[in-house]
């Protein structure tokens, strides 16, 4: 008997059949898709040209649907069939859309949600969003090499039920298995690993291209709660560009420019703004259509001065959110920066001063939401690493397992395992040449399958014929965050697979679970007896079967007396096998083993002789 | 009904527990596995579950879940040295046979 060492509690190796999980940041202007790599690092998946973003633009053209960069140009050439910012319309009726007139679309008022009349028919925001999600899904499937198993899509913290439901519907329409919608600020906090703490209060400062959101989150026992949100739906990085643009016009004394010049100068303004995140001054050089040449230098101090009012404008919603949450700036344990505009040093400085601590900025602020969503999807899909005990969700109330020979229940996922969970175990064939295996999934704590609850049955067929015990069949139990169990079986050498999905908690009340548990404690001794009997029977069947096979193959090795003895022992095994006395079954098996011992030795000799027949001694070395 | 633990085993458990820095004692149990039916489980115990049965020996707390107890009834846990190896050994009167590798046993 081997010497044992003490192990850590519950240290059963969890296998890693990774599921393809993605996180999607479905934004108003841009969307992203991210995943967690095998090494545990979250990355945004770029397109074939290396661009991480997908502009949230859908163009219903005469020859088909274009999404993203392919649809950008159509904004000016075919505005009525090119839909942008549909996120603002999600779950909204025409009456709810205060800024409906800002869009160049032919709106159709429909019950529940507004629709837009396009070349491809009336489109609801859900359908348009689904087209964007489909493009993201295709990108993910190309990168991951197969269908997506699990997705998490982010929504603003202030989205109401109708908007959330619309987002879910869009994902379903796009064929994405959405495990959960995640609040955008929560996703950002997850990306920074803030959920690894036990408790804390965090602010998420999200300054995007055109919108500003501030959220105050409270983390308790691994779950984020949104305490307050606030923001300004018309404040973003574009406003900073505009300030610089106005400064250029003034500094270079440009008369009111043409639309082309105006676009050129806005572009230069933006470049200067971006350059100032890493430099003390940025040159602004341009030649206008009027032949006016502009050659300016914008210093950081200048920029800071002209954008001061904008910075102050972001702090007003922050103060309101804090007041709503009943907190002071110093109460926060951390501040997360989200959105490209938070790259500006002025923004970082102002936020740092306001909260009295440096904000978290080391992740790409454009990607942080998608990265957090990917991490959440990865965890929900059951891919998390041991020790990642974040996301306290739920536990399995009763063990899950399957039926093994003799009607015994083999537990694969133990009771109280934290969801989501994946466990696998290897099984093998019982009979020579066995080509199929019935898998009976059961739930319960009892030893005998008859005392457990049957959940599902399926068969793994097409196992290549092998000697009993040679096949390696890996059965994987996976329970996702919603408690949905999927069981898959895979024969390792041939790769054949079969799978089934069930909802184990379906139809079980708390009382029933409690009763099943109590029964298992009360019947522990009975169960042990039942297990012993069942195991003895399996052994008896096995030995009887092997003896039969041996007698058929090599029966001539036995004298008539010996043959009679073996037959008698075999008959005794069969006689007691169906009785209730485990000891008697075992004794009969033992006797059969003794009766066949010399027979087995002779068979072995014959086998060796056959193997060596006709070979010269010197070839055997 | 009892499970006992030898003095030398208790000493090792206590020293490993103190080195680990947490845990209320030792959890023993059986689980189905291996080639011969059952395998022993020997773990640090971080908590006592309501249904657990516990034993005290030489200052060490041993907890056992009620499902495992019938298989372990009368077991003595010892700590021994065999050549270069040292480790825990279950002296379990219920065991009828063991598989060759000693990984699992049968009652």
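The values are calculated or read from the model by the stated rules, or taken from the named source; none is laboratory data. For clarity, every value in this text was computed on a predicted model and none was experimentally measured. Reconstructed Cβ throughout: ideal geometry from the backbone, glycine too, with neighbour counts over all protein chains shown.
Please go through the range A:287-306 and pick out each residue that is assigned to a strand (DSSP E or B), in contact with a helix residue (DSSP H, G or I) (Cβ under 8 Å, 6 or more places away or on another chain) and within 24 Å of residue A:345 (Cβ to Cβ).
Initial filter on the range A:287-306 (assigned to a strand (DSSP E or B)): A:287, A:293-299.
Narrowing the set further to residues that are in contact with a helix residue (DSSP H, G or I) (Cβ under 8 Å, 6 or more places away or on another chain) leaves A:294, A:296, A:298.
A:296, A:298, listed by residue number.
Just the residues that are in contact (Cβ under 8 Å) with a residue 40 or more places away in the chain and in a loop (DSSP other than H, G, I, E, B), please, taken from the range A:160-196.
If the condition is that a residue be in contact (Cβ under 8 Å) with a residue 40 or more places away in the chain and in a loop (DSSP other than H, G, I, E, B), then A:160, A:174, A:175, A:176, A:192 are the ones that fit.
Report, by residue number, each residue of the range A:126-155 that is crowded, with 22+ Cβ neighbours inside 10 Å and part of a loop (DSSP other than H, G, I, E, B).
A:148, the sole residue that qualifies.
Only one of (1) touching a residue at least 12 places away in the same chain (Cβ under 8 Å); (2) surrounded by fewer than 17 Cβ atoms within 10 Å (Cβ to Cβ); (3) part of a helix (DSSP H, G or I) is not met by residue A:314, so which one is it?
So the condition that residue A:314 fails would be (2).
Among the residues of the range A:542-583, what is the count of those that are surrounded by 19 or more Cβ atoms within 10 Å (Cβ to Cβ), farther than 17 Å from residue A:594 by Cβ and free of Cβ contacts under 8 Å to residues at least 40 places away in the same chain?
0
Only one residue in A:584, A:571, A:549 is within 27 Å of residue B:71 (Cβ to Cβ) and either modelled with pLDDT of 85 or more or out of contact with any helix residue (DSSP H, G or I) (no Cβ under 7 Å at 6 or more places or on another chain) (or both). Which one? Give the derivation first.
Details: A:571 fails: within 27 Å of residue B:71 (Cβ to Cβ); A:549 fails: within 27 Å of residue B:71 (Cβ to Cβ).
None of the other options fit; the residue is A:584.
Quick check on residue A:318: is it under 17 Å from residue A:202 (Cβ atoms) and in contact with a helix residue (DSSP H, G or I) (Cβ under 6 Å, 6 or more places away or on another chain)? Give the derivation first.
Details: under 17 Å from residue A:202 (Cβ atoms): yes; in contact with a helix residue (DSSP H, G or I) (Cβ under 6 Å, 6 or more places away or on another chain): no.
Against the criterion (under 17 Å from residue A:202 (Cβ atoms) and in contact with a helix residue (DSSP H, G or I) (Cβ under 6 Å, 6 or more places away or on another chain)), residue A:318 does not qualify.
Looking at the structure I just gave you, is residue A:343 over 18 Å from residue A:183 (Cβ atoms) and without any contact (Cβ under 8 Å) to a residue 12 or more places away in the chain? Break it down into steps so the answer makes sense when it comes.
Values: over 18 Å from residue A:183 (Cβ atoms): yes; without any contact (Cβ under 8 Å) to a residue 12 or more places away in the chain: no.
Against the criterion (over 18 Å from residue A:183 (Cβ atoms) and without any contact (Cβ under 8 Å) to a residue 12 or more places away in the chain), residue A:343 does not qualify.
Is it the case, given these coordinates, that residue A:325 is modelled with pLDDT under 90, buried (at least 18 other Cβ atoms within 10 Å of the Cβ), closer than 29 Å to residue A:364 by Cβ and within 38 Å of the chain's Cα centre (by Cα)? Before the answer, list the steps.
Working: modelled with pLDDT under 90: yes; buried (at least 18 other Cβ atoms within 10 Å of the Cβ): yes; closer than 29 Å to residue A:364 by Cβ: yes; within 38 Å of the chain's Cα centre (by Cα): yes.
The answer is yes for residue A:325.
Can you report the number of residues in the range A:321-346 which are out of contact with any helix residue (DSSP H, G or I) (no Cβ under 8 Å at 6 or more places or on another chain) and within 23 Å of residue A:209 (Cβ to Cβ)?
Number satisfying all stated conditions: 1.
Show me the strands (runs of 3 or more DSSP E) entirely contained within chain B in which 1 or more residues are away from every other protein chain (no Cβ under 11 Å), over 22 Å from residue A:539 (Cα atoms) and modelled with pLDDT of 85 or more. Walk me through how you get there before you give the answer.
Numbers: elements: B:25-32, B:38-45, B:53-57, B:60-64, B:76-82, B:85-91.
Counting at least 1 such residues, we get B:53-57, B:60-64, B:76-82.
Do we have any residue at all in the range A:225-232 that's free of Cβ contacts under 8 Å to residues at least 24 places away in the same chain, surrounded by fewer than 19 Cβ atoms within 10 Å (Cβ to Cβ) and within 22 Å of the chain's Cα centre (by Cα)?
Taking every residue of the range A:225-232 in turn, at least one turns out to be free of Cβ contacts under 8 Å to residues at least 24 places away in the same chain, surrounded by fewer than 19 Cβ atoms within 10 Å (Cβ to Cβ) and within 22 Å of the chain's Cα centre (by Cα).
When residue B:70 is evaluated against the numbered criteria (1) buried (at least 18 other Cβ atoms within 10 Å of the Cβ); (2) touching a residue at least 40 places away in the same chain (Cβ under 8 Å); (3) farther than 23 Å from residue B:20 by Cα, which criterion, by number, is the only one it fails?
So the condition that residue B:70 fails would be (2).
Pick from A:148, A:204, A:153, A:178: which is within 17 Å of the chain's Cα centre (by Cα) and within 19 Å of residue A:367 (Cα to Cα)?
Working: A:148 fails: within 19 Å of residue A:367 (Cα to Cα); A:204 fails: within 17 Å of the chain's Cα centre (by Cα); A:178 fails: within 19 Å of residue A:367 (Cα to Cα).
Of A:148, A:204, A:153, A:178, the one residue that is within 17 Å of the chain's Cα centre (by Cα) and within 19 Å of residue A:367 (Cα to Cα) is A:153.
Could you list, in sequence order, all residues of the range A:233-272 that are in a loop (DSSP other than H, G, I, E, B) and closer than 19 Å to residue A:314 by Cβ? Please lay out each step first, then the result.
Looking only at the range A:233-272, we keep the residues that are in a loop (DSSP other than H, G, I, E, B), and these are A:233-236, A:252-258.
A:233, A:234, A:235, A:236 - these are the residues of the range A:233-272 that are in a loop (DSSP other than H, G, I, E, B) and closer than 19 Å to residue A:314 by Cβ.
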